[in-house]
Amino acid sequence: MATNTTNSPLRAVIYARISNDPTGQAEGVTRQQEACQKLAAELGWRVVGVKIDDDLTAIGKRGQRAKRPAFAELLDMLSAREADAVLVWHTDRLYRQARDLEPLIEIVDRTHAIIRPVQQGELDLATASGRMIARILASVSTHEVEHAIERMKAKHEANRRAGINHGGGRPFGYKAVKPKAKGETPDVPQVDPREAKLIREAATAVLAHAADPKTGMTLTGICKSWNAKGIKSPRGKEWSIQSLRGALLSPRIAGRVAHKGEDVGPAQWDAIIDLDTWRSVKRVLTDTSRRSGSEVSREPKYLGSGLYVCGRDGCGAVVRPGGARAGQRQQYRCTASAHLIRTAEPIDDAVEVAIIAKLVHDAPIVAPKQAPAGPDMTELSTQRAALSTQLDSLAEEFADADEAEIALYRARARKLREKITAVEQEITDAQATAAAASEPGPFDDIDRTALLWAYTEHPDVALALWRETYPLARRRKMLAALAVVTLKPGRRGRPAGVAAGGLDPQSIDIDWAVSE
């Protein structure tokens, strides 16, 4: 047991903590502090600091330590020998898990600091027996917390099955629910007529735009409209694409209980839009073929990006643009190493002139496309609707299930969701295949006659016509179909026959594909 070997009073630091302080009045930590002050006076210790973590848990998430600023400051004080002892109401205020106890043990072993809980007597961390007791207490505290979490999860699961509102932030479209005392069932959220009307209009606009881009509105357009009218999100902020998307994807607006963003069954509150409409909106907003402006901006901006390959020492890695600082020309760089750096512009010019010559003198023979025989979309849609109905019926069947039936419900629901996912993937694949089949091929409608006359006049004239007529994305598709371009390091000095600043033809290899 640690003892005071000097006649001067021990310097003590008080630590108080409470996990939940709903009122914000700090009443719990104040009571702990007063008890510790009283004990310090009885022991004749001098209080040199008070560290308080109010409304902070000692249980960390995912195996990490909980963030407790005052506890960290306490450890720093002890480590720096600015205090000789710690006064705390109970050990579970100081630590709840072994991961917080072990650093404390290490500091006490080095500094001989004293840990004195009000409720338990001195905690002796200087001996093996004392450390064993402390670790047992930590295990007990951890068990109590984990058991409480299990009870809370079970209660929330039961609430979800019953369609009860289990708290959380106010969803847009519903009025705020008054907080209830601990253990009381929350009130059923009521629809806000003004916000509900906005959600229905937004859902209609999204579906209309998906059917015909000339109609309806995008999420961006809806956000701009709402913000211009001063419509705020439930947090009082302006709308963004992310917040609006989240509001429309929430199953709550369809009168469904949401858990981790997923629909888990019918709720007690009224729906703003019907379930089929919500599912249609969800399909549109989660469609992977929809691309935001930021994704469009990541489209390749240079012909050879990801298509040209490095030919130094047989590397074979693709090259990417890089090095375009202010006043510098864009470069192609090997992605495997910095051993190949080439200026992009003259290479792209040479490659595209070569492609034009290939098209006007030796046009590739491309077989006409035939639309693949895909699955019956009507049948797939019917399957999806039937499975969704089964899932809804299952939720209703187990609405009053007891704990023993929860596992059965989850297993059957999981199988149905897996089947729905598989059918939706078939629909997505079929739509993508049909869209790809309907798109023109890279060589369809190429005006070879115009290119030939321009090329006869001068290759640079043909190059200008080529770039003006066909966008970069299509020119990249033609390059990928026609050839593999390999870049080699430039030769030292100026090769014979190459003008100053000109491109060395031996530094580019174009391996043409065989025509079919």
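Rule-based calculations on the coordinates, nothing more; no lab input. What you see is a predicted model; the values in this text were computed from it and never measured. Because the Cβ atoms are built from the backbone with ideal geometry, glycine has one as well, and the counts that use them run over all protein chains shown.
Quick rundown of the values:
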| read-out | value |
| --- | --- |
| Two-site label geometry, residue 447 and residue 362: point separation in nm, points 7 Å out along Cα→Cβ | 2.6 |
| Cα→Cβ-extended label distance, 7 Å offset, between residue 464 and residue 317, nm | 3.9 |
| Rounded to whole Hz, the Karplus (6.51, -1.76, 1.60) HN-Hα couplings of the range 220-233, x for glycine and proline | 4, x, 5, 4, 4, 5, 5, 5, 5, 8, x, 7, 9, 6 |
| Ordering of 233-244, 349-360 by burial proxy (mean other Cβ atoms within 10 Å per residue, highest first) | 349-360, 233-244 |
| Proximal charge balance of residue 55 [Cβ under 10 Å; K/R count +1, D/E count -1] | -2 |
| Label-point gap, in nm, between residue 509 and residue 139 - each point 7 angstrom along Cα→Cβ | 6.7 |
| Nonlocal amide H pairs with residue 86, under 5 Å, H built at 1.01 Å | 13, 114, 115, 116 |
| Gain upon complete extension [residue 270, residue 190; 0.36 nm per residue less C-alpha separation] | 28.1 nm |
| Above-threshold pairs, the threshold being 18 Å between Cα atoms, out of 301/358; 232/282; 175/197 | 301/358; 232/282 |
| Theoretical FRET efficiency, 1/(1+(r/R0)^6), r = Cβ-Cβ of residue 280 and residue 55, R0 51 Å, to 0.05 | 0.75 |
| Sites residue 287 and residue 376, calculated FRET efficiency, Cβ-Cβ separation with R0 25 Å, nearest 0.05 | 0.75 |
| Gain upon complete extension [residue 473, residue 80; 0.36 nm per residue less C-alpha separation] | 135.1 nm |
| Ranked packing of 99-105, 384-390, most packed first, by mean Cβ within 10 Å | 99-105, 384-390 |
| Residue 51 long-range amide H proximity, modeled H, under 5 Å | 14, 15, 16 |
| At R0 = 41 Å, FRET efficiency that the Cβ-Cβ distance of residue 110 and residue 23 yields, to 0.05 | 0.55 |
| Overall form of the range 16-103 per C-alpha gyration tensor (a/c, 1.5; a/b vs b/c) | oblate |
